[in-house]
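Please treat every number below as a calculation from the coordinates, not as lab data. Everything numeric here is computed off the predicted structure, so don't read it as measured data. Backbone-built Cβ (ideal geometry, glycine too); neighbour counts: all protein chains shown.
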Amino acid sequence: MSTPFVRLLQQLSAGFSNQQQAFDNPPLYAHILVKFRPLPQLAPGSLLLDQSYAINPAAPYRLRVLRAEQAGDGLIIHNQSIRDDQRFWGAIDDAERRSQISAADLSPLEGCAYVVRETAEGFIGEVEPGCRCMVERKGALSYLVSSFELGARGMRTIDRGHDPKTHEQLWGSLAGPFEFERVDDYSAELPAHWLAG
């Protein structure tokens with residue numbers, strides 16, 4: 001019987017694309033690729049996250065290391081930045097480069113962990129409460145409000161930035177969530193000892 005932790009890693013270890021949504025609504029949605037691949041050399045549950053525009057996948061606009069862990073009755077996904085992350089552009093599709101990412105390259109992003117719960121379909125996660133996940137965008141500081149729904153066929157995500165003082169929305173989707181379909185499966189790359197629980 002697999003645990004929620006194992007099921008989360010198996011569903012997350014994949015490549016996703018919102019190509020259909022972007023083609024259906026080009027003014028509202030860019031075509032984005034999101035990939036999560038296991039990093040066996042790091043702590044159990046560590047995945048490399050690579051987010052890029054489909055027109056320029058070689059230059060991801062977000063490169064992070066996520067680390068899922070069981071926490072009491074639920075799950076937490078810790079969010080970590082990568083120092084000098086351009087060194088690892090392209091690593092998502094290059095096992096040798098991925099293997100060079102070490103714990104020394106990572107810094108925790110305070111207040112940016114996702115609190116995750118299992119659903120009948122898969123999982124739902126939201127950035128931890130407290131408005132502490134600060135991001136800089138276009139020179140302005142905002143706090144991130146972010147959530148995802150993960151299922152067997154794909155993933156829905158919504159990210160929005162809010163003003164720390166007025167709480168008004170500064171950026172992010174006005175048209176609703178991004179709808180990603182699963183286009184690659186990397187779950188076979190999960191190390192056996194992570195899955196043994």
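Can you show me the helix-derived [θ] at 222 nm for the chain, built from DSSP H runs with n ≥ 4 at -39,500 (n - 2.57) apiece and divided by the number of residues, rounded to the nearest 500. It lands at -2500 deg cm²/dmol. Loop-resident GluC sites (Glu not before Pro) (DSSP state other than H, G, I, E or B) in the range 53-120 with no more than 13 further Cβ atoms inside 10 Å of their Cβ: E110. As a length-normalised measure over Cα pairs under 8 Å and 6 or more apart, the relative contact order of the range 15-55 settles at 35 percent. Over the range 4-195, Cα pairs under 8 Å with separation of 6+ residues give a relative contact order of 21 percent. Using all pairs of distinct alpha-carbon atoms, the Kirkwood hydrodynamic radius of the range 84-126 works out to 13.1 angstrom. Excluding the site residues themselves, the longest part of the chain lacking any trypsin sites (Lys or Arg not before Pro) in a DSSP loop with at most 13 other Cβ atoms within 10 Å is 1-82.
Cysteine residues of the chain whose Cβ has no partner cysteine Cβ closer than 4.7 Å: C131. Shown for I92, I101: other C-beta atoms within 10 Å of each C-beta, ranked fewest to most, produce the order I101, I92. Look at the alpha carbon pairs under 8 Å that are at least 6 residues apart: their mean separation over the length of the range 9-91 gives a relative contact order of 20 percent. Ordered by the number of other Cβ atoms lying within 10 Å of each residue's own Cβ, fewest first, Y61, Y114 fall into the sequence Y61, Y114.
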